[in-house]
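Below is one structure; the comments refer to it alone.
Any read-out appearing in this document is the output of simple, stated calculations on the displayed coordinates, not a laboratory observation. In this text the structure is predicted, and so the values were computed from the model without any measurement. Heads up, the Cβs are rebuilt from the backbone with ideal geometry, glycines too, and the neighbour counts pull from every protein chain shown.
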Amino acid sequence: MKPMPRFVALAATALLATTAAHAFAPPPPPQLENKAYILVDFDSGKVLAESNSHAHLAPASMTKMMTAFIVEQGLLSGKIKEDEPVLMTPEAWCHGVSSESCMYVPVNSSVPVIDMLRGVIIQSGNDASIALAEHIAGTEQGFADLMNQQAKTLGMNDTHFDNATGMPDANHYSSAFDMAVLARATIQSSAKYYAIYSEKEFTYNHISQGNRNALLYTDPTVDGLKTGHTDDAGYCLTASSKRGDMRLIAVVMGTPSMQARADQDRALFNWGFANFETDKLYAAGTVLATNPVLYGKADTVKVGVASAVAMTLPRGEKDHLQTSIQYQPDLHAPLAVGQAVGQLNVTLNGQTVAQQPIVAMEAVEEANFFERLWQRICAFFKHFI
């Protein structure tokens, strides 16, 4: 059994549904024939439109986003290597006589991890998914346990995985909301491997297969992520589109056809980009000020935001945003990195729409007894000068 990959928790992964009053209300989202959908801004996490987005539905091969995510995190952590051979066991092997999607790796042959990963993402191979699951966790069921642990860590509360492929099972379900959470996590923390999701074709064993995401061929702004289909699930698609500096994630589940899932995601993207804009107020790790510190080995500390601050608003309202910062008075050492020392407030037309902690960007150790005593004496006499 291979070492378990680390689990990833993203503070910025939570999707937001803010309720601020808007001066310019956008038109309603398009009417779509499906079981559920959601449209989310990648940077802010704001939900722009949704229908039945928390319903427990069969995700079909969109499941493989989590399979790939765990593999990607294993690669990034060094637990597994790109050129590490993965055995295609008889249990994982695809016989090629069913309706399953396959990479068509010969039984008992070995393939490098990175090729198997492409087989999962581009070719949607059930055989590649199971082989990687066995390689990492020993068994597919053991890997499903890892998938559920990671889903819990990411806040995917509507999800339970029973396999690595998305094959139908009563205990295997997710939601449009959770698929958007997973897509956002993939783009954020698997950035090194995210380009694979936009590759249109992959050839292995002299068999070339195209990516099933039709939007990759018709919309140059789309760069991922994953399709899915079973009789129970219908046709599903989680996709991401970046136009300029704005990225949106759209998920549709239970559409009636391959064409419909592509058309519906396209309609959501067009509506979202036409009616909203994102203001990236601060990047993660931005230093906002240098504040004085009492009784520390250093006299000052840099403070700022640990995670990115972004707001998604109807077009035309961006200029009405205002920010203000409240700092704790008389900061005392010791201070730890990430310790809250204030609060950032974001308002729109006088109404609070976001709040985020201001944190210490560096640690400040407490001074020794005599240094603290001297500082107190100096502070006392300072009042009489």
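Only Lys, Arg, Asp and Glu carry charge here, each on its Cβ (+1 for the first two, -1 for the last two); on that basis the range 36-275 has a dipole of about 600 debye about its Cα centre. Scalar couplings 3J(HN,Hα) for the range 67-82, obtained by applying the Karplus form with A = 6.51, B = -1.76, C = 1.60 to θ = phi - 60°, are 4, 5, 4, 5, 4, 4, 5, x, 5, 5, 7, x, 5, 10, 10, 4 Hz; x denotes Gly and Pro. Amide H contacts of residue 353: 346, 347, 348, each under 5 Å away and 5 or more positions distant or on a separate chain (H built 1.01 Å from N in the peptide plane; Pro and chain starts excluded). Taking the DSSP bridge list for the chain and keeping only pairs wholly inside it, about 95 percent are antiparallel.
What separates the Cα centres of the range 22-96 and the range 190-265 is a distance of 10 Å. Only one of (1) 1.07; (2) 1.00; (3) 0.97 was calculated from the structure for Rg/Rh (Cα atoms, Kirkwood Rh), and its label is (1).
Here the sum of -39500 (n - 2.57) over DSSP H runs of 4 or more residues, divided by the residues of the chain, equals -8500 deg cm²/dmol at 222 nm, to the nearest 500.
Computed packing ranks the peptides 327-339, 73-85 as 73-85, 327-339, most packed first, by mean other Cβ atoms within 10 Å. Between 246, 179, 147, the residue with the greatest mean-square fluctuation in the GNM of the chain (Cα pairs under 10 Å linked by springs) is 246.
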